[in-house]
Amino acid sequence: MDIDWAALGEVFGVSLVMTVALVGLFTVGIVGLSPKTDPDGPEGAAATETAPSALARTGAYVCFTLCAAAVAYGIYLIVK
């Protein structure tokens, strides 16, 4: 039995890059949907939270869609 080390290294490299990319995209999506805290308020007052802007929500949804597409493509490659 021979092991194709080049192919094994290629699979490892692609898996590592895609894992980091998907986690990064998902993180950007979570940050885009999280409420923003405004610490510049009256002294002694609690910080106020504001809802994310429409652009931030749209970007977050795009990130989540790209994550779902990458997962669906991976499942497609496995089943194929």
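Just the number, please: Stokes-Einstein D of the chain in µm²/s, Kirkwood Rh from C-alpha pairs, 37 °C, 0.692 mPa s. Walk me through the numbers on the way to the answer.
Values: Rh = 15.7 Å.
D, rounded to a whole number, is 209 µm²/s.
Could you calculate the contour length gain from Lys36 to Ala54, that is, 0.36 nm times the residue separation minus the distance between their Cα atoms, to one decimal place in nm?
On the way: separation 18, 0.36 × 18 = 6.48 nm, distance 1.29 nm.
Gain in length upon complete extension: 5.2 nm.
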remark   = So the angle from the long Cα axis of helix 54-79 to the longest Cα principal axis of the chain, reported in degrees to the nearest 10, equals 20
task = Quote the charge dipole size of the chain about the Cα centre in Debye, to the nearest 20; the model charges only the Cβ of Lys and Arg (+1) and of Asp and Glu (-1).
result = 320
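State the percentage of accessible surface on the chain attributable to carbon and sulfur atoms; use a 1.4 Å probe and exclude ligands, DNA and RNA.
Carbon-and-sulfur percentage of accessible area, whole number: 72.
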ask   = Just Val23, Val14, Val31 to compare: in a GNM of the chain, with alpha carbon springs under 10 Å, which one fluctuates most?
value = Val14
Where the chain is the region considered: accessible area per residue in Å², 1.4 Å probe = 81
message = I'd like the orientation of helix 5-33 relative to the chain: the angle between its Cα long axis and the longest Cα principal axis, in ° from 0 to 90, rounded to 10.
response = 20
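The values are calculated or read from the model by the stated rules, or taken from the named source; none is laboratory data. Computed from a prediction, not measured in an experiment: that's the story for all the values here. Note that each Cβ is placed from the backbone with ideal geometry, even for glycine, and that neighbours are counted across all protein chains shown. The accessibility values were calculated without ligands, DNA or RNA, using every heavy atom of the protein model including side chains. Shrake-Rupley method; radii C 1.70, N 1.55, O 1.52, S 1.80 Å.
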